[in-house]
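First the structure, in the form of structure tokens, and then the observations on it.
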Amino acid sequence: MPILYSVIARGSTVLAKHSSGNENFDNVVSEVLKNKPQEDTKHSYKFIENVINCVVENNILYICITNLDYNQELSFHFLESLKNKFKKKYGNLIQTALPFSMNSEFKKIMAIYMSHYNQDNLKLADLEAKINDLTDVMKSNLKKAIQRSDNIEDLAQQSEHMVENSVEFSRITGRVKRRFWWKEFKTKVIIGVGVTIIAPSLSDLSFGSLRNRCRHRDQTIGADIFAQLCYFCPHVCVCVYVCVCVFDIVAHFSYL
């Protein structure tokens, strides 16, 4: 995919030309020169499997023929460089030079320029291939990132559902826990009421009979103290039980 042919002409008069291969584009160039534009311009022609690029300035035509896949911007950059070199070397002589009068000298320069730009095109093609590969990799990574973002959104939705389910579960467990606590508390209250009613009565009976026996048998003061303890112990137990129930209630409502 190189620059195959280049030519410099004044009107239809060829001043210099060079071909990098065995291709002969003289007839093609002759047709281009016959139909050359009158104003300064840049343009390209597609010819079978080649492209003809042309720069016109002050009736001087700078032409190169390349393959179809040669970089067009690089083609015009080659022609601009060739034009600047040609003008710097020959100046005003360009307008009066005879056909091919500059060919023997300048075609060597044209060959060097063509070789240089052909190498640049290979480097550019290699760079473009690497850029395309990198672009493909970036596109692939972007698709993967989009898929990951979709997965993350799915996970976020699932986590939201889990949070909602956990909140609902906490509410249900709280209601069940409170229901069982009230049942247990009712049982404790019933037991406490029973102990409060029955224990003092039993204590009075036991204390009275024990005190009468002690007096009847002339027991010591220690036996009387023991009898008093038997009287007060049920009352103390009832008070402790009530305190435990109150503490349980306070702890339960402070937890809620």
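We did not get these values from a lab; they are worked out from the coordinates using the rules stated. All values reported here derive from a predicted model rather than from experimental measurement. Note that each Cβ is placed from the backbone with ideal geometry, even for glycine, and that neighbours are counted across all protein chains shown.
Points to keep in mind about this one:
- Those GluC sites (Glu not before Pro) in the stretch 30-92 that DSSP places in a loop and that have at most 11 other beta carbons within 10 Å: E39, E49
- Within the shell defined by Cβ-Cβ distances under 14 Å, the residues around S101 carry a net charge of +3, with Lys and Arg each +1 and Asp and Glu each -1.
- Ordering M162, M102 from the fewest to the most neighbouring beta carbons within 10 Å gives M162, M102.
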